[in-house]
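Let me begin by presenting the structure, written as structure tokens, before commenting on it.
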Amino acid sequence: MSIVINYKNTSKKINSSNIVLFVDEKFNIFSLKKYILNSEFSFISDLLKTKDLKKKIINFDINSKKKIILVSLKKNLTSSDVENLGAKFYDEFKETKHSEYCINSDTAKGYLTNCVGYFLHGLKLKSYLFEKYKSKKNKKKISIIVIGKQKPSLKDQIKFKAIEEGTFYTRDLVSEPGNILHPDEYAKRLSSLKKDGLKINIYDEKKLKKLGMNTLLGVGQGSIRGSYLVTMEWNGLKDKSKPLAFVGKGVCFDTGGISLKPAKFMEDMTYDMAGSAVVVGLMKSLALRKAKVNAVGVVGLVENMPGGNAQRPGDIVKSYSGKTVEILNTDAEGRLVLADALTYTEEKFKPKFIVDLATLTGAIIVSLGSEYAGLFSNDDKLSNQLINAGENVEEKVWRMPLNKNFDKLIDSKNADMQNINYVGGAGSTTAAQFLQRFIIKKTPWAHLDIAGMAFSKYGGALNSGGATGYGVRLLNKLIEDNYE
Ligand code: BES
Ligand code: ZN
Ligand code: ZN
């Protein structure tokens, strides 16, 4: 499936195309008269009486090759309402044979600024398909011509495109199976992001050992693949001001290790690297849109496998921070990868804040399903910024508690802490509480548990099922609204 959008500096409609016009909530089409033929206008006026006006998109077959499509916009509509309309438009017309559309942007005048931009953004996001491994691909092309004066500015066009490409890159990475996107391959792909203007640093096992990142290395030691920490820097301010930091869990496949997971649905654990993929997609979109911000992305890439050299329950390892961890369950591995990545990020980059993303716990799906990511944070300001950004782009987060009283559940008799609590419940909070111990210098920090958000079996408003790319738009919005 490909969507090709062309902007024309004209208000003249393209006769060979289907015509898309925006109209108010009540389908008052009088104002559209000047954009269509008189005969079309009276045809539509008559037929409109027979249509269900509760529908937001109504189409009229003018002849076998031409439709006029009305898209109704209510008052006070939000950008995300319009994105959803674009997605709905895609769903309604994705199978239509004659697929050239002419959107008259002038009909969106007086509604939300940038209406057409959001409409097309939603349409594009919804159209993504992962077909790499299908012999028969969907070759359909939808061509859209935008006319009139209300089209997005060049700057906005670039912004939308950068966010789409970042989101699609995340979805591509998350969709790849474990045999293809193992840590060696993943690190290689990240190295290619230099071409977008990112500074990439790859730490392989030898370097990680030297640095003492043993909680990260312990997770990967049962795998025949390497383990890596990769940093990606975007210096949009061209100065030395403190960067914003984003850290991601990149477990390319999570078998559970020696604490092996059950067979059923284990295949889902191919998306256990989604947190890292969001960080990568975000960094790519910041570079593509040349965001005026300094930012750094840090990802820990490992494969969690059982095997002769795998980590055992009961093992004690020393983290980069110096704190020791007793491994009670090798399936609670994400926090071990993040522990070293967090301390390293804080120490090396001295960031303004750190946001980490991880498909960390099944328990967060019990709490919040696939509507909200769990937010755990030591900072109210950062939390509120994330909550607001999430509401805005419909990638919502819900704040969950952190409290020192949970600490006793992860204190260990034999080491500074243990990586799981078998009693006491609150699995997502104790995981976050564990992570917090690796923020050493009180840097504002937020942890997003995206286990319920990264992958959608049924599809959502702006995705058609599979990898969602959840988080890329959220973090772009966080940055755009508060740090650019
Ligand atoms: N990757 C899983 C969490 C997960 C579960 C992500 C379902 C996406 C969907 C994580 O590494 C894990 O296995 N967590 C365990 C923790 C437990 C052993 C404390 C879990 O949630 O069961
Ligand atoms: Zn696990
Ligand atoms: Zn995992």
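The values are calculated or read from the model by the stated rules, or taken from the named source; none is laboratory data. Keep in mind it's a predicted model, so treat the numbers as computed, not measured. Note that we place each Cβ from the backbone using ideal geometry, even for glycine, and neighbour counts take in every protein chain shown. Quick note on the areas: whole protein, heavy atoms, side chains included, nothing else; ligands and nucleic acids left out. Shrake-Rupley method; radii C 1.70, N 1.55, O 1.52, S 1.80 Å.
Worth pointing out:
- Residue count, segment 437-462 (criterion: touching a Phe, Trp or Tyr at 6+ places or on another chain (Cβ under 7 Å) and either free of Cβ contacts under 8 Å to residues at least 12 places away in the same chain or open to solvent by 10 Å² or more (accessible area, probe 1.4 Å) (or both)): 5
- Candidates G308, G334, filtered to the one that is within 13 Å of ligand 1 (Cβ to nearest atom), touching a Gly at 6+ places or on another chain (Cβ under 9 Å) and assigned by TED's automatic domain parsing to the domain that holds L448: G334
- Selection from segment 397-410 of residues that are farther than 11 Å from F434 by Cβ and either of a type in the set (D, E, K, R) or crowded, with 19+ Cβ neighbours inside 10 Å (or both): V397, R399, M400, K404, K408
- Residue within segment 424-445 that is in a helix (DSSP H, G or I), hydrophobic (A, V, I, L, M, F, W, C) and more than 20 Å from R335 (Cα to Cα) present: no
- Subset of segment 266-293 (residues that are open to solvent by 10 Å² or more (accessible area, probe 1.4 Å) and either away from ligand 3 (no atom under 16 Å from the Cβ) or over 27 Å from G314 (Cβ atoms) (or both)): E267, D268, T270, Y271, K284, L288, R289, K290, K292
- Among residues of segment 315-340 being within 15 Å of ligand 3 (Cβ to nearest atom) and among the polar types (S, T, N, Q), the one that is most open to solvent (accessible area, probe 1.4 Å) is N329.
- Any hit, segment 31-38, residues being surrounded by 11 or more Cβ atoms within 10 Å (Cβ to Cβ), touching a Leu at 6+ places or on another chain (Cβ under 6 Å), part of a strand (DSSP E or B) and in contact (Cβ under 8 Å) with a residue 12 or more places away in the chain: no
- When residues in segment 245-265 are screened for being open to solvent by 30 Å² or more (accessible area, probe 1.4 Å) and either in contact with a helix residue (DSSP H, G or I) (Cβ under 9 Å, 6 or more places away or on another chain) or away from ligand 1 (no atom under 11 Å from the Cβ) (or both), 6 of them pass.
- You will find that of I62, I69, the residue that is modelled with pLDDT of 95 or more, outside the structural domain of S464 (by TED's automatic domain parsing), β-branched (V, I, T) and buried (at least 16 other Cβ atoms within 10 Å of the Cβ) is I69 and no other.
- Hey, I316 more than 23 Å from the chain's Cα centre (by Cα) and within 16 Å of ligand 1 (Cβ to nearest atom) or not: no
- Any hit, segment 239-248, residues being part of a strand (DSSP E or B) and within 16 Å of ligand 3 (Cβ to nearest atom): yes
- Per this entry, L342 is not counted among residues that are under 25 Å from N235 (Cα atoms), within 15 Å of ligand 1 (Cβ to nearest atom) and within 22 Å of the chain's Cα centre (by Cα).
- Elements of type helices (runs of 4 or more DSSP H) in segment 136-229, at least 3 residues being under 30 Å from N104 (Cβ atoms) and either in contact with a helix residue (DSSP H, G or I) (Cβ under 8 Å, 6 or more places away or on another chain) or open to solvent by less than 10 Å² (accessible area, probe 1.4 Å) (or both): 154-175
- Checked against the criterion of being touching a Pro at 6+ places or on another chain (Cβ under 8 Å), open to solvent by less than 30 Å² (accessible area, probe 1.4 Å) and either among the small types (G, A, S) or within 16 Å of ligand 2 (Cβ to nearest atom) (or both), segment 341-353 has no qualifying residue.
- Count of segment 236-280 residues which are under 18 Å from L216 (Cβ atoms) and either among the hydroxyl-bearing types (S, T, Y) or more than 15 Å from ligand 2 (Cβ to nearest atom) (or both): 10
- Residue that is farthest from K34 (Cα to Cα) [pool: residues in segment 81-104 that are of a type outside the set (F, W, Y) and touching a Phe, Trp or Tyr at 6+ places or on another chain (Cβ under 8 Å)]: E83
- Close pairs (8 angstrom Cβ cut-off, 6 or more residues apart or separate chains): over 26 Å from E326 (Cβ atoms) in segment 194-220, open to solvent by 60 Å² or more (accessible area, probe 1.4 Å) and part of a helix (DSSP H, G or I) anywhere: I200/K194
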